[in-house]
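Notes to accompany the following structure.
Each reported figure results from applying straightforward, stated rules to the coordinates on display, with no laboratory input. Just so it is clear, the structure is predicted and the values come from calculations on it, not from any experiment. Glycine also receives a Cβ, built like all others from the backbone with ideal geometry; neighbour counts cover every protein chain displayed.
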Amino acid sequence: MQITKIISGGQTGADQAALDAAIELGIDHGGWVPKGRLTEDGPLADKYRLTETRTASYPERTERNVLDGDGTVIFSHGPLTGGSKLTAELAQKHGKPCLHIDLGRMHPLKASGKLHKWIRGNGVRILNVAGAKASKDPAIYNEVYQAIWGLFVLDTLGADPGPEAEVFRLDDLSQKISNRPETVAAAVEFLEKHLPLAHRVEISRMGRDELAEAYPGLGAWMREIFGLWQGNDALLKNIEEMLGHPIESADEATSAILAALAQRLRRTHRLRVVK
């Protein structure tokens, strides 16, 4: 992945969403946090490897992160205000690339595509992520988390290949995913967590054959992320136990997981209406 590190200020909302995604994806993370590991919900949890500034000043933390990043992306719903606006001003002051993504105007996965293109165009390897805090924007966490995951998927699937496409090695990246699912139930839970709502509802309405045709890229992504044919023997064994016969191909394994996902989603998503 072109991104080697994700940093943020550790605040609730957008900041912690980016950090949580980085941790789960196995991407290095860090950044500066105000003295006392200050956030609106109290001290930042120790699992986040952020460094305290000398003071409890939020602007000092913001400026340090802008300086340390190769570029800054700011997520919001609507125009920038408060600390997010200051972040953009500091990026301009220091001549650092800055991208504002208004999630009120685009789906998180479309935001992933925009961010992916911007990162490639500006040579960003250390990405500073900023945006609204949870108390000001309760929806921001989930959408930023989804956008960062979408960015990873774009890279692992080799989307928009360019001069540096050879650096995106699926097998290397997939090895970084921690806690690979070892059962079909765990794999289904993982997919349900990371697929957008619209896709989950769509899948709930499809038969087994339709799934393979509608989501060919998802099967390839699952093979890499879940380590099918790359050492995840526990998951393969569980699939065989569920099917009642040996698996002959990776496609058969991913098809079985998708069928189990669809079966679960029919119980939980069938009645939802997507506008």
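Shown is the FRET efficiency for residue 183 and residue 81, computed with R0 = 41 Å from the Cβ-Cβ distance and rounded to the nearest 0.05: 0.35. Each residue of segment 41-56 was assigned a 3J(HN,Hα) from its phi angle through the Karplus curve 6.51 cos²θ - 1.76 cosθ + 1.60 (θ = phi - 60°); the sequence is 9, x, x, 5, 4, 5, 5, 8, 8, 9, 9, 6, 7, 6, 10, 8 Hz, with glycine and proline shown as x. Quick one: what are the phi-derived ³J(HN,Hα) couplings along segment 260-266, Karplus 6.51/-1.76/1.60 with θ = phi - 60°, whole Hz, x for glycine and proline? 3J(HN,Hα) across segment 260-266, in whole Hz: 5, 5, 4, 4, 5, 5, 5. Sorting 249-258, 125-134, 62-71 by average packing, meaning the other beta carbons within 10 Å per residue, from highest down gives 125-134, 62-71, 249-258. A 20 angstrom limit on the alpha carbon distance is what I want to check against. Which of 85/136; 35/133; 96/136 exceed it? In this structure, 96/136 exceed 20 Å between Cα atoms. Across segment 97-112, rounded Karplus estimates of 3J(HN,Hα) from the backbone phi angles (6.51 cos²θ - 1.76 cosθ + 1.60, θ = phi - 60°) give x, 9, 10, 9, 10, 8, 6, x, 10, 8, 5, x, 6, 5, 4, 4 Hz, Gly and Pro being marked x.
One equal scatterer on each Cα of segment 5-167, no solvent, Debye formula: the resulting log10 I(q)/I(0) at q = 0.13, 0.15, 0.17, 0.19 Å⁻¹ is -0.54, -0.73, -0.95, -1.20. Reported value for segment 5-87: 92 Å³ per residue, from the convex hull of its C-alpha atoms.
Based on every Cα atom in segment 98-150, Rg and the maximum pairwise Cα distance Dmax equal 11.1, 33 Å. Listed by chain and number, the lysines whose alpha-carbon sits under 17 Å from that of residue 110, ignoring those within fewer than 8 places in the same chain, are 275. For segment 32-100, averaging the sequence separation of C-alpha pairs within contact (under 8 Å, six or more residues apart) and dividing by the residue count gives a relative contact order of 30 percent. Near the amide H of residue 44, within less than 5 Å, lie the amide hydrogens of 38, 39, all on another chain or at least 5 residues away, with H placed in the peptide plane. Converting the Cα gyration tensor eigenvalues of segment 56-126 into ellipsoid dimensions via √(5λ) gives semi-axes, longest first, of 20, 16, 9 Å. Using a Förster distance of 25 angstrom, determine the FRET efficiency expected from the C-beta separation of residue 193 and residue 248, and round it to 0.05. Efficiency, rounded to the nearest 0.05: 0.30.
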